[in-house]
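Asker: Take a look at the following structure, please.
The values are calculated or read from the model by the stated rules, or taken from the named source; none is laboratory data. Quantities reported herein were computed from a predicted structural model and do not represent experimental measurements. Here the Cβ positions follow ideal geometry from the backbone for every residue, glycine too, while neighbour counts run over all protein chains shown.
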Amino acid sequence: MICNIGLDKNGEMILSSNGQEIITHSLKCKEINSGYMSPGAMFMGALAGCKVLTFMKSAKYYKIKFEDLNIEVEAYVVSTDNIGDTPFKNQEYSEIRTKYSLKTDASIDQLDRVINLANKICTVNLAVDKNIKQFHTIELL
């Protein structure tokens with residue numbers, strides 16, 4: 001797998017993977033909530049995407065059928081001291097919560113097994129600092 005991200009001459013940051021391209025940020029845009037992704041949003045998107053794919057894989061392994069899966073990842077981020085002598089603040093993730101919403105006939109215990117296996121497979125999840133507390137909730141639709 002190859003993933004590339006580059007800054008083009010128009011000031012747009014373009015992410016490409018397997019021949020697909022997404023404009024993730026533009027230096028020309030100064031607006032908050034402009035629709036472009038911050039580095040933190042990119043991380044959270046990568047984590048959520050990884051959790052979806054590994055949930056699907058784990059559910060298939062345990063022969064659990066589901067539909068309407070939605071995974072929401074929420075992080076508690078605290079800005080702390082400046083990085084060195086720069087005006088940039090450190091951002092510390094103290095907690096990550098994941099909410100799984102889906103339709104299924106499986107029990108909560110069965111879904112917990114799926115989620116626990118998925119967490120062991122998800123490469124983005126494995127890269128998260130072990131000091132960051134992670135929790136999940138399950139909502140059956």
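Asker: Surrounded by fewer than 16 Cβ atoms within 10 Å (Cβ to Cβ) and among the small types (G, A, S), is that true of S58?
Answerer: no
Asker: Sort out which residues of the stretch 1-21 are assigned to a strand (DSSP E or B) and either of a type outside the set (V, I, T) or at pLDDT below 65 (or both), and write them in order of number.
Answerer: Listed by number, the residues that qualify are C3, N4, G6, L7, E12, M13, L15, S16, S17, Q20, E21.
Asker: If we only count strands (runs of 3 or more DSSP E) wholly inside the stretch 29-141, which ones have 1 or more residues that are among the small types (G, A, S)?
Answerer: Here the list reads 66-82, 89-104.
Asker: Right, here's the next one. Just to be sure before I move on: is K63 at pLDDT 90 or above, out of contact with any strand residue (DSSP E or B) (no Cβ under 7 Å at 6 or more places or on another chain) and loosely packed, with under 12 Cβ neighbours inside 10 Å in the structure I sent?
Answerer: Yes: the conditions hold for K63.
Asker: If I go through the stretch 81-110 residue by residue, how many of them are exposed (fewer than 14 other Cβ atoms within 10 Å of the Cβ), of a type outside the set (G, A, S) and at pLDDT 95 or above?
Answerer: Qualifying residue count, the stretch 81-110: 4.
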